[in-house]
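Single-structure report; data block below.
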Amino acid sequence: MRSEIKGLNARALRRGGCYLISLWCIATSAAQAGEGPRHLPSPDWREQIIYFLMTDRFEDGEPENNDQGAGEYDPENPAKYHGGDISGVRRRLDYIQGLGATALWLTPPVANQWWDGSHGYGGYHGYWATDFKAVDAHAGTLKDYQGLARDLHGRGLYLVQDIVVNHMGNFFAYASQNAPKNPAHGYMENTDSRPDHKPRQWPFSLNDPRVPTEAKAGIYHWTPAIADHSKIEQEQGWQLGDLDDLNTENPAVRRALRDSHGYWIREVGVDAFRVDTAFYVPPDFFRDFLYSDDVKAPGILRVAESTGRKGFHVFGEGFAIDPAFGETGARKIDAYMRDGKGQKLLPGMLNFPLYGSLGDVFARGQPSAVLAARIASMMRLHENPWLMPSFIDNHDVDRFLAGGDEAGLKQALLAIMTLPGIPTLYYGTEQGFREPRAAMFAGGRDRFDTKAPLYRYVQRATALRRENRVFSHGRPSVLADNPAAPGALAWRMDHAGQSLLVAFNTGAAEALLATEAGGLPAGARLEPLFGIDAQPEAQRVDAQGRLSLALPPRSGWVWRVGAAKAAHQSAAPALLLEPLDAGEQVGDFTAAGRAPAGAALKLVVDGDLASAQDLRADAQGRWRATVDTRAMVDPRREHRLVAWSEAGGLSETRRFQVRWPWTPLAELSDPAGDDRGPRGDYRYPSDASWQGRHTLDIRGLRVSSSGGALKLDVRLAETAAIWNPPQGFDHLALTVFFQNPKLGGGARLMPQQGGELPEAMRWHYRLRLHGWSNAWFSHEGASALSEGRPLSPGAELAVDRASNTLSLLIPAASLGNPKTLTGWKIHLNTWDYDGGYKPLNARATAHGFGGRSGEGDALAMDASAVLTLP
């Protein structure tokens, strides 16, 4: 049977029709007899919900395969294997299916480099291959993997396999940072690799350019590690993190990769691929990888068609997170789905820009217009956003709950369930995980609690999507957002004559939802469909096609939109808000308008009902009020002003901008070259990207204020952006502590960094900032391990590489709207962060700090003096 499938050639593939159907039936019958894979026709991937798990960290089904004797296994060490395997996954399929997932995505199950002593890290994750056509001993056997596929298919579920085409493991490196003309020069074998010193699979085993025939084969690019991600020749041809870069322009490499990955479709019955590090190979590679007519090694989609899968899905990873309202990364992602001539490449890509905006709005408290703009952008830029997996966290980034709270998590999950894209759930999210790669079975604990509140919530959210095809097939239209602050956000989803309305309040106070005229059918009734905490009430759209109502804090509601109807006479008062003076407002200003004599109304700024002014029109139907603008410190932001009545009256929206001056408060200088730890004996990591750099050396701090907000300009000896970080800098984690002298309590401990704050300082607010995260906390619940209670909004960041300055703007609301900043204390320190503050050891490792044992030593390379504001 297997030889029949393997023997398919290009001519047979082109026959299609009866031959392919018969072949699929033969394969299915064989699978049912236990002889091989069970092949299923492809589903409509728009309708799927993916559950993504890291096999080693999910469930341990066979403890006997945990330790392979290479020093690679230690469930207490996050850098080593913990024991999860394919048998464990099979044991938990009820749990996964019960959550509402319809497809399972596994990290690569292939044979891996188990331990890289040069980096002090292991290949438990699966992305450091030594043989693309063998199952790793820690994961199980080919028979186990085939059994998993049969189990899934028997349940009507689908299997997504993670694959790598860019690199192997780290088996060699180069001493120089320059690509050698002679690949033998500077070549260094990684003798600290276990269990192998070179890949097992041919032709990838031809990895020593000192051997003339292997150098001539050109299987690798023979290049050092990437030093500058902005240079395309390095991104697509140099080593990513010392991982041996495959020469994907070489026909022999392309053929071997097609053969290797087609194997899993034929032999196991894989239904889709996720392609790791897609940005690090040229986009044109994927045309060959997917569509090649090579008889001996056909393209992946050709192989899939031979098994009855005409809609085999392939989506790539392109780590590109755009800043608010930016599109550079999104355009790069699109270039991997279609080329400049519009020809198709990968069917999908992970929607990293959407991920970034979801976190900005629901975790970090940026204006809801940031997500509104991203939705409009993805629908305009991408031909088929419905096939782009959407997510709120994964194994390469912080967990949502590492910097956000549960209310925001629920909102973000509801958002991906109601927008185009394939919702993708990362294992442990449904159990409230905060660590990016924690084991579900850690310490003998069973974390598969189907009664957990988040598990039950995800069940409800996935059911909402599955039961309403409008969400998986429809097109969104944004009807309301807030460009100035957290608050209302609403979109309408339309498909096949049906419409659903989704509305959020991303803020911590009651917010006004006021959609623009014509956004909904006039007079339509809105029927409640879903609520995060409680079902919404039915609503009626007014005669102008508008909806206005108060949204509770951090709420999320969904309605079914009825047909337009003649609107009945409304008792809502007619409200008029006079036009504002043209141009930018400087300081507070007066707003005026008209309403029925004696009518009660609210003057609402930026949708904030908690701060709205209660007014009453005089006998002539006039009213006036002063608009307080002290907290409006960003002159780029548009603010909105409306008059609103709880009886339903709504004025026209007036838009304005404000400029307030910034007042310098205090400044300090920090000595050069003191980035050596508290006692002067810490050492930077040994990796070449760290050597000769002083990215953790603080040189100065300048503090300014405006309307209760703070601006911190942190000057460093050097900044870097080696790993293409979305925040604009890396090789640095900046932690800033704030003490409000008017408040008692506070914390002295520095969470996860060890040690205490200097000069008896106690912090009430804390900022953790690095290249991939921006998290703001209060001291409540803080301990040596817990960072405290996540808050939003957090700090806004601007990076000036030319002056090596990070500028942090912290809104007054984030500081509790203090009446004065006099006496506030500020302290900051530097280290590095990757899912946690990086370790300190006696000896520095490639990406770990050295100089001390780490026990009882503060994780701070440099620290400022405590600055007290006058």
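The values are calculated or read from the model by the stated rules, or taken from the named source; none is laboratory data. Remember, predicted model here, so these are calculated numbers, not experimental data. Quick reminder, even Gly has a Cβ in these numbers, built from the backbone with ideal geometry, and neighbours come from all protein chains shown. Side chains included, ligands, DNA and RNA excluded: accessible areas come from the protein's heavy atoms. Shrake-Rupley method; radii C 1.70, N 1.55, O 1.52, S 1.80 Å.
Taking every alpha carbon pair in segment 472-541, what does the distance histogram look like in 10 angstrom bins from 0, in percent? Distribution as computed: 18, 51, 29, 2 percent.
Taking every pair of Cα atoms in segment 766-870, average 1/r, invert it to obtain the Kirkwood radius, and report Rg/Rh to two decimals.
On the way: Rg = 15.8 Å, Rh = 15.9 Å.
My calculation puts Rg/Rh at 0.99.
Largest first, how would E59, E76 line up by accessible area (1.4 Å probe)?
Values: E59 10, E76 150 Å².
These residues rank, largest area first, as E76, E59.
When only alpha carbons of segment 587-746 are considered, Rg and Dmax amount to 24.6, 77 Å. Which of the listed residues, L668, A631, V642, is farthest toward the dipole's positive end in segment 631-675, when Lys, Arg count +1 and Asp, Glu count -1 at the beta-carbon? Farthest towards the positive pole: V642. A P(r) calculated from all alpha carbon pairs of segment 702-823, with 5 Å bins opening at zero, reads 2, 11, 20, 22, 21, 16, 7, 2, 0 percent. All distinct Cα pairs of segment 673-755 go into the 1/r average, and the inverse of that average, the Kirkwood radius, is 15.6 Å.
Given contacts defined as C-alpha pairs under 8 Å and at least six residues apart, what's the relative contact order of segment 619-671, whole-number percent? Don't skip to the end; give the middle numbers.
Numbers: 40 pairs, mean separation 17.4, N = 53.
In percent, rounded to a whole number, it is 33.
Ordering K341, K451, K819, K565 by accessible area with a probe of 1.4 Å, largest first, what comes out?
Working: K341 180, K451 155, K819 210, K565 125 Å².
Largest accessible area first, the residues go K819, K341, K451, K565.
For W662 and A865, a Förster radius of 22 Å and the Cβ-Cβ distance give a FRET efficiency of 0.45, rounded to the nearest 0.05. Normalised by 2.2 N^0.38 Å, with N the number of residues, the alpha-carbon radius of gyration of segment 333-490 equals 1.09. Annotation: amide H of W115 within the under-5 Å range of G123, R194, sequence separation 5 or more or interchain, hydrogens built in the peptide plane.
Please compare each pair in K80/K133; K216/K332; K410/K451 to a cut-off of 28 Å on the Cα-Cα distance and tell me which ones are over it. With Cα atoms farther than 28 Å apart: K216/K332. Here the 3J(HN,Hα) profile of segment 776-783, calculated from phi with Karplus coefficients 6.51, -1.76 and 1.60 at θ = phi - 60°, is 10, 10, 9, 6, 4, x, 6, 8 Hz, Gly and Pro shown as x.
In the chain, helices alone account for a calculated mean residue ellipticity at 222 nm of -5000 deg cm²/dmol, with every DSSP H run of four or more residues adding -39,500 (n - 2.57).
Only one residue of G403, Q161, S686 has its Cα farthest out toward the positive end of the dipole of the chain, where Lys and Arg carry +1 and Asp and Glu -1 on Cβ, and that residue is Q161. Only Cα pairs under 8 Å and 6+ residues apart enter the sum, and on that basis the relative contact order of the chain stands at 8 percent. Measuring nothing but how far apart in sequence close Cα pairs (under 8 Å, 6+ apart) lie, relative to its length, segment 525-681 scores a relative contact order of 21 percent.
Dipole size in debye (nearest 20) for the chain around its Cα centre, Lys and Arg Cβ +1, Asp and Glu Cβ -1? Kindly include the intermediate steps, with their values, before the conclusion.
Values: 93 positive and 101 negative charges, 438 e Å.
Result for the chain is approximately 2100 debye, rounded to the nearest 20.
Of all aspartates and glutamates in the structure, those lying under 15 Å Cα to Cα from K565, and not within fewer than 8 positions of it along the same chain, are E527, D542.
Taking only the C-alpha atoms, wrap a convex hull around segment 173-294 and report its volume per residue in Å³ as a whole number.
Residue-normalised Cα hull volume stands at 127 Å³.
For segment 43-55, the Karplus equation 6.51 cos²θ - 1.76 cosθ + 1.60, evaluated at θ = phi - 60°, returns couplings of x, 7, 5, 4, 9, 8, 10, 9, 10, 9, 10, 8, 3 Hz by residue, with Gly and Pro reported as x. Between the listed residues I698, G140, Q343, the Cα displaced farthest toward the positive end of the dipole of the chain, a dipole computed from Cβ unit charges relative to the Cα centre, is found at Q343. With both bridge residues required to lie in the chain, what share of the DSSP beta bridges run antiparallel, to the nearest 5%? In the chain, DSSP labels about 80 percent of beta bridges as antiparallel. Whole-Hz Karplus values for segment 812-821 come out as 4, 4, 5, 9, x, 6, x, 6, 8, 9 Hz, taken residue by residue from phi with 6.51 cos²θ - 1.76 cosθ + 1.60 and θ = phi - 60°; glycine and proline positions read x. Loop-located trypsin sites (Lys or Arg not before Pro) across segment 136-236 with a Cβ neighbour count of 10 or fewer within 10 Å are K181, with loop assigned by DSSP. Charging the Cβ of each Asp and Glu at -1 and of each Lys and Arg at +1, and nothing else, the dipole of segment 295-358 about its Cα centre rounds to 400 debye.
Computed from the Cα positions only, the extents of the chain along the three principal axes stand at 93, 71, 52 Å, in decreasing order. What is segment 144-222 by shape, rounded, prolate or oblate, if you read a ≥ b ≥ c off the alpha carbon gyration tensor as root eigenvalues and call it rounded for a/c under 1.5, prolate for a/b larger than b/c, and oblate otherwise? Since a/c reaches 1.5 and a/b is larger than b/c, the shape of segment 144-222 is classed as prolate.
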